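The values are calculated or read from the model by the stated rules, or taken from the named source; none is laboratory data. What you see is a predicted model, and the numbers here were worked out from it, not measured in a lab. Heads up, the Cβs are rebuilt from the backbone with ideal geometry, glycines too, and the neighbour counts pull from every protein chain shown. All accessible areas refer to the heavy atoms of the entire protein, side chains included, with ligands and DNA or RNA removed. Shrake-Rupley method; radii C 1.70, N 1.55, O 1.52, S 1.80 Å.
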Protein chains: 2
Amino acid sequence: MINKNYLKLPGSYLFATIGRKVKEFSEANPDKTIVRLGIGDVSLPMAPAVVAAMHEASDEIGKAIKGYPDYEGYEFLRTAIREHDFAARGIDIGIDEIFVNDGAKCDSADLGDIFSLDCKVAVCDPVYPVYVDSNALVGRAGDYVEEKQRWSNLIYMPCTASNGFAPEFPEETPDLIYLCFPNNPTGATITKSQLQEWVDYANKTGAVIIFDAAYEAYITETDVPHSIYECEGAKTCAIEMRSFSKNAGFTGTRLGYTVVPKELVRDDVSLNTLWLKHQEIKFNGVSYMVQKAGAAVYTPEGMAQTKEQVAYYMKNARTIRDGLADMGYTVSGGVNSPYVWLKTPGTMTSWEFFDYLLEKANVVGTPGSGFGPCGEGYFRLTGFGKYEDTLEALARIKRI
Amino acid sequence: MINKNYLKLPGSYLFATIGRKVKEFSEANPDKTIVRLGIGDVSLPMAPAVVAAMHEASDEIGKAIKGYPDYEGYEFLRTAIREHDFAARGIDIGIDEIFVNDGAKCDSADLGDIFSLDCKVAVCDPVYPVYVDSNALVGRAGDYVEEKQRWSNLIYMPCTASNGFAPEFPEETPDLIYLCFPNNPTGATITKSQLQEWVDYANKTGAVIIFDAAYEAYITETDVPHSIYECEGAKTCAIEMRSFSKNAGFTGTRLGYTVVPKELVRDDVSLNTLWLKHQEIKFNGVSYMVQKAGAAVYTPEGMAQTKEQVAYYMKNARTIRDGLADMGYTVSGGVNSPYVWLKTPGTMTSWEFFDYLLEKANVVGTPGSGFGPCGEGYFRLTGFGKYEDTLEALARIKRI
C-alpha cells in the first residue's frame, strides 16, 4: 500500500535536525544569544525595487484578476531571464526552453520524474541532500547502507581537498549526473574548461547533466562559468537550474527556473516536451505577484540593489574565510561562493564540532557529514548572516 | 533512459487543447468577441482584504526578510484554517495535520507519491484529469486503450444521469479512491449519509480516500458535507484537499492545503509522517506574502468579501442552469457548485457541441468527453464569468 522507499530514509532531513538541536540548546540556555551561520538563508530585507513590484502587482489583481498563470511562467519574466541571464552572455536560449518554478528545490527534486526508474544516478560527495533523497524516494537509489552512509545504487563522486573539491569521472557510466557549481556545500568551483570536459563526457556517453547554478551570482573569478551553456555542446546534454533565492533574497518568496533545451533528446524524444508535459499535469504555475517581483530583479534598480546584497554577503564570506585562516583553520570556498568550507580541528567529527561550536561559542554552522561521508571532518559556514553577527561569530570562535 | 509512461499519454492536456482551438478561432475571426465559460478560472478582482494583506506583507519583507517558510505552512495560516474550516464545524483537526501548498492541483498530482506503485486506483468517470494523468505518469494506470478511452489498470466508477452522477462501489476493491464533491466537472454532490457509506467502505476494505473538496464554498444545501471529516471514522481512511482558488480567487495566486490525519495509518505507518517527509524533501513551502493573503480570507472582512464573490458566481450558475432549462436543455449541477452540466442536444458529441457553440455563439465551454468516456454527450459551463458575459452567452445560445 505505502511507498516503502520512504522507510529507507536514514533519520531526518539535515536542516530539520539542526533546527531541533538549536531549539533544545536555546530552551536550556535562554540567556545565550545564538549566531546562525548554518542554513543557507539570507538576512537582508527584500530589495526596494522588488517590494515596489509586489505592491504594484497586488494593486493590479485588486483591479482585475489574473487567472491561472502559464505553466511555463509569464512571458514577461521568461523574456527578462532570456535576455539578462543568457543573451547578455552570448548564449541563445529560447523562452520556450525556460520553465519558471516556485523555487529551484522543487525542480531539483522533480526533474527525476521524466527519467526511467532504472537510470543510474551519479552525485558528488558531499552533496545537497535533495538530489539524493528525491531519488531515494522513488527507489532509484537502492538501499541505504548504514555502515557506508551511502545508498547501494548511487554512484558517488568524492570531492575532497585531495582533488580540489572537483568530481572526477566515475568508473561506472551514469545516466544522470547532478553537478552544482559554485558548489553547495563546499563553496568550490570548477573552471569553464573543466566543465567543458563534463559536457564532452556526457555527450560521449549519452548521460544527462542536471546542473545546479543557484549560486551563479557569487562568481567573482573570470574563468568560472555562470551557465553550463557557456560550454560547447551543453544543449544536447544538460538541464540547468537557477534560483532567485540567493541572488535576490527570494528564499521566503519562492522563485526559480529550469532550462530544458529542445535539442536535449534521449530515446528520440526531446526532454523539453517531457518536462512541459510534467508541468502541465503536476504544476499550475507561480503566483503572478511573485513573477512580477522576479521580473523587477532584472530592472536597472533591481540589478543594482541585488548586486549590492550579493556584495554584502560576499564581504561576510571573505571575513569568515580570512578570519578563520588567521586562527589557523584550513579553509576553502568563500571566493566564488557565500559558503566557507573548513576542516574541523584535530580529530573532531563534523557533529562534534557542531556541538562544540554551539555550546562554547553559541554559533550554528552545518556539519559537513550531513552532506555525505566525504564531508566528514568538514564544516560549512555561510556568509548570509548580518555583517555584525558574522564579526561577532568570529570573535567568539577566536575566544574558544 | 526516459520515463516511457510519458509517451503513453493520449494527446494534450484538455485545457491546452481548448486554448488552442479558441486561439485559432479568434485569429480566423478577429471581429468576434468570445465569451469564455470553459476553464474553471474566476473573473472578479481579488477581494480588498486580501490585497491589503499582500501590501502589508510586501512592506514587512522590505523591512525584515522572512526566510525559508515552514514546509507545512506558517502557523498563523494553519491556525486560521483549523479554526474556521474545521473547529467551526465541530471537527477536530490539529495544525500538524494541515499542509499548506501552492495550489491543490500540485498535491492532487503528488499525493500518489507516498503510495506503492502497485496500488490499484479508482476514479470517477467523468473525472478531473489530473488524478488520472498523475497516476499514468508513474505507470500506475497501465496502458491507455484508445478504443475504450480508458487506462488498462484503473478502476472507473461511472457517474451518469442514471445514478444521479454519484459513483457506486466498484467490483474490484481499490487501494486508492479519488472522490471530488461538489464534483468537477458534473457539479453534482452526494449527501453526508452517502459519503458516510464511502468512509465505512474504505475503513472496511483498507482503501484510502483522496477527497477533493475544492468547491466546498459553493454548497447551499444543508445535507451536503463540507468536509469528509464530518463523517464518522474518516480520519482513519481519508486525506482531504482544499483550495483557495474558487472560494477566494487564488487561481493566479496559488494557495491550497491538504489534511493528512495522524490516525490515518497503513502498513503500520502514519501517512501524516510520510507526507511530512515528502514535503521536507520535495517542497520548500509557500511564499510568505501568499500565505498572509490566505490568512486574510479568514478575517471578518475577508470572509464577507469572498462570500459575496461566491454568491456572485452562484447567481451566474443559477442563471445558466435556469436559462438552459427554459430552452429545453437537460441540465444538472449549479445548485451546490459553480458548474452546470448539460446534455448535448440530439446526437451531438461533446466536441461537436464545443465546435458548434464556438462557431455559432462564440461561447467557450468544456466538452464532457474531455473528462472521460462517461462524459461523452455532456458539456460543462461555469458560473465563474462576469454576470453580463453570462447573460450575453445565454442570449447567444438562445439565438442559435
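So which residues in the range B:92-126 are more than 8 Å from chain A (Cβ to nearest Cβ) and open to solvent by 10 Å² or more (accessible area, probe 1.4 Å)?
From the range B:92-126, those more than 8 Å from chain A (Cβ to nearest Cβ) are B:92-101, B:104, B:107-108, B:111-112, B:118, B:120-126; that's our starting set.
Passing the criteria: B:92, B:94, B:95, B:96, B:97, B:104, B:118, B:120.
Any residue at all in the range A:8-17 that's within 7 Å of chain B (Cβ to nearest Cβ) and touching a Lys or Arg at 6+ places or on another chain (Cβ under 6 Å)?
We begin by selecting, within the range A:8-17, every residue within 7 Å of chain B (Cβ to nearest Cβ); these are A:9, A:13, A:16.
Subsequent filtering for residues that are touching a Lys or Arg at 6+ places or on another chain (Cβ under 6 Å) retains none.
There is no residue in the range A:8-17 that is within 7 Å of chain B (Cβ to nearest Cβ) and touching a Lys or Arg at 6+ places or on another chain (Cβ under 6 Å).
Residue under question is residue B:263, and the condition is that it be among the acidic types (Asp, Glu), open to solvent by less than 10 Å² (accessible area, probe 1.4 Å) and either at pLDDT below 95 or touching a helix residue (DSSP H, G or I) at 6+ places or on another chain (Cβ under 7 Å) (or both); does it hold? So that I can check it myself, show each step before the final result.
Numbers: among the acidic types (Asp, Glu): yes; open to solvent by less than 10 Å² (accessible area, probe 1.4 Å): no; either at pLDDT below 95 or touching a helix residue (DSSP H, G or I) at 6+ places or on another chain (Cβ under 7 Å) (or both): yes.
For residue B:263, the condition - among the acidic types (Asp, Glu), open to solvent by less than 10 Å² (accessible area, probe 1.4 Å) and either at pLDDT below 95 or touching a helix residue (DSSP H, G or I) at 6+ places or on another chain (Cβ under 7 Å) (or both) - is not met.
Residues checked against (1) touching a residue at least 40 places away in the same chain (Cβ under 8 Å); (2) closer than 26 Å to residue A:333 by Cα; (3) touching a Pro at 6+ places or on another chain (Cβ under 6 Å):
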residue	(1), (2), (3)
A:199	no, yes, no
A:212	yes, yes, no
A:219	yes, yes, no
A:236	no, no, no
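Of all residues being surrounded by 17 or more Cβ atoms within 10 Å (Cβ to Cβ) and charged (D, E, K, R) in the range A:36-56, which is modelled with the lowest pLDDT? Just the residue, please.
Only one residue tops the list, namely A:41.
Which number in (1) buried (at least 20 other Cβ atoms within 10 Å of the Cβ); (2) of a type outside the set (Phe, Trp, Tyr); (3) at the interface with another protein chain (Cβ under 9 Å from one of its Cβ atoms); (4) closer than 18 Å to residue B:5 by Cβ marks the one condition that residue B:139 misses?
So the condition that residue B:139 fails would be (1).
Identify, from the list B:324, B:276, the residue that is more than 14 Å from chain A (Cβ to nearest Cβ), assigned to a helix (DSSP H, G or I) and surrounded by fewer than 23 Cβ atoms within 10 Å (Cβ to Cβ).
On the way: B:276 fails: more than 14 Å from chain A (Cβ to nearest Cβ).
The conditions single out B:324.
Being modelled with pLDDT of 95 or more, of a type in the set (Val, Ile, Thr) and over 26 Å from residue A:249 (Cβ atoms) is the requirement here; does residue A:330 meet it?
yes
Which of the following residues is basic (Lys, Arg), closer than 30 Å to residue B:115 by Cβ and over 19 Å from the mean Cα position of the chain (by Cα): A:148, A:105? Explain how you work it out, then say what you get.
Details: A:105 fails: over 19 Å from the mean Cα position of the chain (by Cα).
A:148 is the lone residue from the list that is basic (Lys, Arg), closer than 30 Å to residue B:115 by Cβ and over 19 Å from the mean Cα position of the chain (by Cα).
Name the pairs whose Cβ atoms lie under 9 Å apart, with the first residue in the range B:41-58 and more than 7 Å from chain A (Cβ to nearest Cβ), the second assigned to a loop (DSSP other than H, G, I, E, B) and of a type in the set (D, E, K, R), and 6 or more positions between them or separate chains?
Listed pairs, sorted by first residue: B:57/B:66.
Let me confirm something: among B:257, B:229, which residue is over 29 Å from residue A:128 (Cα atoms) and within 22 Å of the chain's Cα centre (by Cα)?
Within the list B:257, B:229, the selection yields B:229.
Just to be sure I understand, how many residues within the range B:343-374 are touching a strand residue (DSSP E or B) at 6+ places or on another chain (Cβ under 7 Å) and among the small types (Gly, Ala, Ser)? Before you say what the answer is, go through the steps one by one.
Applying the first criterion (touching a strand residue (DSSP E or B) at 6+ places or on another chain (Cβ under 7 Å)) to the range B:343-374 yields B:343-344, B:350-351, B:353-354, B:357-358, B:362-368, B:372-374.
Next, only the ones that are among the small types (Gly, Ala, Ser) stay: B:350, B:365, B:368, B:372.
So the answer is 4.
For the range B:286-304, what are the residues that are of a type outside the set (Asp, Glu), out of contact with any strand residue (DSSP E or B) (no Cβ under 7 Å at 6 or more places or on another chain) and more than 7 Å from chain A (Cβ to nearest Cβ)?
Residues of the range B:286-304 that are of a type outside the set (Asp, Glu), as a first pass: B:286-300, B:302-304.
Narrowing the set further to residues that are out of contact with any strand residue (DSSP E or B) (no Cβ under 7 Å at 6 or more places or on another chain) leaves B:287-290, B:292-300, B:302-304.
Of everything in the range B:286-304, those that are of a type outside the set (Asp, Glu), out of contact with any strand residue (DSSP E or B) (no Cβ under 7 Å at 6 or more places or on another chain) and more than 7 Å from chain A (Cβ to nearest Cβ) turn out to be B:292, B:293, B:294, B:295, B:296, B:297, B:298, B:299, B:300, B:302, B:303, B:304.
Checking the structure you have, find out if any residue of the range A:22-35 is open to solvent by 60 Å² or more (accessible area, probe 1.4 Å), under 24 Å from residue B:274 (Cα atoms) and free of Cβ contacts under 8 Å to residues at least 12 places away in the same chain. Outline the logic, then answer.
Residues of the range A:22-35 that are open to solvent by 60 Å² or more (accessible area, probe 1.4 Å), as a first pass: A:23-24, A:27-28, A:30-33.
Adding the requirement that they be under 24 Å from residue B:274 (Cα atoms) leaves A:23.
Right, trim to free of Cβ contacts under 8 Å to residues at least 12 places away in the same chain and you get A:23.
So far as the range A:22-35 goes, yes, one or more of its residues are open to solvent by 60 Å² or more (accessible area, probe 1.4 Å), under 24 Å from residue B:274 (Cα atoms) and free of Cβ contacts under 8 Å to residues at least 12 places away in the same chain.
Of all residues in the range B:2-18, how many are open to solvent by 40 Å² or more (accessible area, probe 1.4 Å), free of Cβ contacts under 8 Å to residues at least 40 places away in the same chain and on the phi < 0 side of the Ramachandran plot? Walk me through how you get there before you give the answer.
Kept after step one, since they are open to solvent by 40 Å² or more (accessible area, probe 1.4 Å), are these residues of the range B:2-18: B:4, B:7-8, B:10-12.
After this cut, where a residue has to be free of Cβ contacts under 8 Å to residues at least 40 places away in the same chain as well, the list is B:4, B:7, B:11-12.
When the remaining residues are screened for being on the phi < 0 side of the Ramachandran plot, the result is B:4, B:7, B:12.
Counting residues in the range B:2-18 that are open to solvent by 40 Å² or more (accessible area, probe 1.4 Å), free of Cβ contacts under 8 Å to residues at least 40 places away in the same chain and on the phi < 0 side of the Ramachandran plot gives 3.
Identify, please: which residue in the range B:180-197 is among the hydrophobic types (A, V, I, L, M, F, W, C) and in contact with a strand residue (DSSP E or B) (Cβ under 7 Å, 6 or more places away or on another chain) and is, among those, nearest to residue B:332 (Cα to Cα)? It would help to see each step written out before you state the result.
Here is the first cut: in the range B:180-197, the ones among the hydrophobic types (A, V, I, L, M, F, W, C) are B:180-181, B:188, B:190, B:195.
Among the residues that remain, those that are also in contact with a strand residue (DSSP E or B) (Cβ under 7 Å, 6 or more places away or on another chain) are: B:180, B:188.
Details: B:180: 16, B:188: 7 Å.
Filtering the range B:180-197 for residues that are among the hydrophobic types (A, V, I, L, M, F, W, C) and in contact with a strand residue (DSSP E or B) (Cβ under 7 Å, 6 or more places away or on another chain), the one nearest to residue B:332 (Cα to Cα) comes out as B:188.
Out of B:173, B:186, which single residue is in contact with a Pro (Cβ under 9 Å, 6 or more places away or on another chain) and more than 21 Å from residue B:11 (Cα to Cα)?
Details: B:173 fails: in contact with a Pro (Cβ under 9 Å, 6 or more places away or on another chain).
That would be B:186, the only listed residue that is in contact with a Pro (Cβ under 9 Å, 6 or more places away or on another chain) and more than 21 Å from residue B:11 (Cα to Cα).
Test each condition in (1) within 12 Å of chain A (Cβ to nearest Cβ); (2) buried (at least 17 other Cβ atoms within 10 Å of the Cβ); (3) of a type outside the set (Ser, Thr, Tyr); (4) farther than 24 Å from residue A:19 by Cα for residue B:240 and report the one that comes out false.
(1)
What do you reckon, is residue A:246 closer than 29 Å to residue A:56 by Cα, away from chain B (no Cβ under 11 Å), open to solvent by 10 Å² or more (accessible area, probe 1.4 Å) and touching a Phe, Trp or Tyr at 6+ places or on another chain (Cβ under 7 Å)?
Numbers: closer than 29 Å to residue A:56 by Cα: yes; away from chain B (no Cβ under 11 Å): yes; open to solvent by 10 Å² or more (accessible area, probe 1.4 Å): yes; touching a Phe, Trp or Tyr at 6+ places or on another chain (Cβ under 7 Å): yes.
Yes, satisfied.
For residues that are small (Gly, Ala, Ser) and open to solvent by less than 60 Å² (accessible area, probe 1.4 Å), scanning just the range A:142-166, find the one that is farthest from residue A:189 (Cα to Cα).
Applying the first criterion (small (Gly, Ala, Ser)) to the range A:142-166 yields A:142, A:152, A:161-162, A:164, A:166.
Among the residues that remain, those that are also open to solvent by less than 60 Å² (accessible area, probe 1.4 Å) are: A:142, A:164, A:166.
Working: A:142: 29, A:164: 9, A:166: 7 Å.
Taking the candidates together, the pick is A:142.
In the range B:368-400, which residues are assigned to a helix (DSSP H, G or I), of a type in the set (D, E, K, R) and buried (at least 21 other Cβ atoms within 10 Å of the Cβ)? First the steps, then the outcome.
Here is the first cut: in the range B:368-400, the ones assigned to a helix (DSSP H, G or I) are B:368-371, B:373-375, B:387-399.
Subset that is of a type in the set (D, E, K, R): B:388-389, B:392, B:396, B:398-399.
Matches in the range B:368-400: none.
For residues that are at the interface with another protein chain (Cβ under 7 Å from one of its Cβ atoms) and open to solvent by 40 Å² or more (accessible area, probe 1.4 Å), tally how many sit in the range B:60-70.
Residues of the range B:60-70 at the interface with another protein chain (Cβ under 7 Å from one of its Cβ atoms): B:61-69.
Of the ones still in play, those that are also open to solvent by 40 Å² or more (accessible area, probe 1.4 Å) are B:63-64, B:66, B:68.
So the count comes out to 4.
Hey, among A:204, A:192, which residue is open to solvent by 10 Å² or more (accessible area, probe 1.4 Å) and free of Cβ contacts under 8 Å to residues at least 12 places away in the same chain?
Numbers: A:192 fails: free of Cβ contacts under 8 Å to residues at least 12 places away in the same chain.
After applying the criteria, what remains is A:204.
Looking only at the range A:289-309, decide whether some residue is more than 27 Å from residue A:87 (Cα to Cα), in contact (Cβ under 8 Å) with a residue 12 or more places away in the chain and open to solvent by less than 10 Å² (accessible area, probe 1.4 Å). Walk me through how you get there before you give the answer.
From the range A:289-309, those more than 27 Å from residue A:87 (Cα to Cα) are none; that's our starting set.
No, the range A:289-309 contains no residue that is more than 27 Å from residue A:87 (Cα to Cα), in contact (Cβ under 8 Å) with a residue 12 or more places away in the chain and open to solvent by less than 10 Å² (accessible area, probe 1.4 Å).
Among the numbered conditions (1) in contact with a Cys (Cβ under 9 Å, 6 or more places away or on another chain); (2) open to solvent by 10 Å² or more (accessible area, probe 1.4 Å), tell me where residue B:174 comes up short.
The single condition residue B:174 does not satisfy is (2).
Within the range A:161-183, is there a residue that is of a type in the set (A, V, I, L, M), closer than 30 Å to residue A:3 by Cα and within 14 Å of chain B (Cβ to nearest Cβ)?
The initial filter retains those residues of the range A:161-183 that are of a type in the set (A, V, I, L, M), namely A:161, A:166, A:176-177, A:179.
Restricting the remaining residues to those that are closer than 30 Å to residue A:3 by Cα gives A:176-177, A:179.
So of that shortlist, the ones also within 14 Å of chain B (Cβ to nearest Cβ) come out as A:176-177.
Yes: the range A:161-183 contains one or more residues that are of a type in the set (A, V, I, L, M), closer than 30 Å to residue A:3 by Cα and within 14 Å of chain B (Cβ to nearest Cβ).
When you check residue A:128 against the structure, is it touching a residue at least 24 places away in the same chain (Cβ under 8 Å), of a type in the set (Ser, Thr, Tyr) and more than 30 Å from residue A:285 (Cα to Cα), yes or no?
Working: touching a residue at least 24 places away in the same chain (Cβ under 8 Å): yes; of a type in the set (Ser, Thr, Tyr): yes; more than 30 Å from residue A:285 (Cα to Cα): no.
No: the conditions fail for residue A:128.
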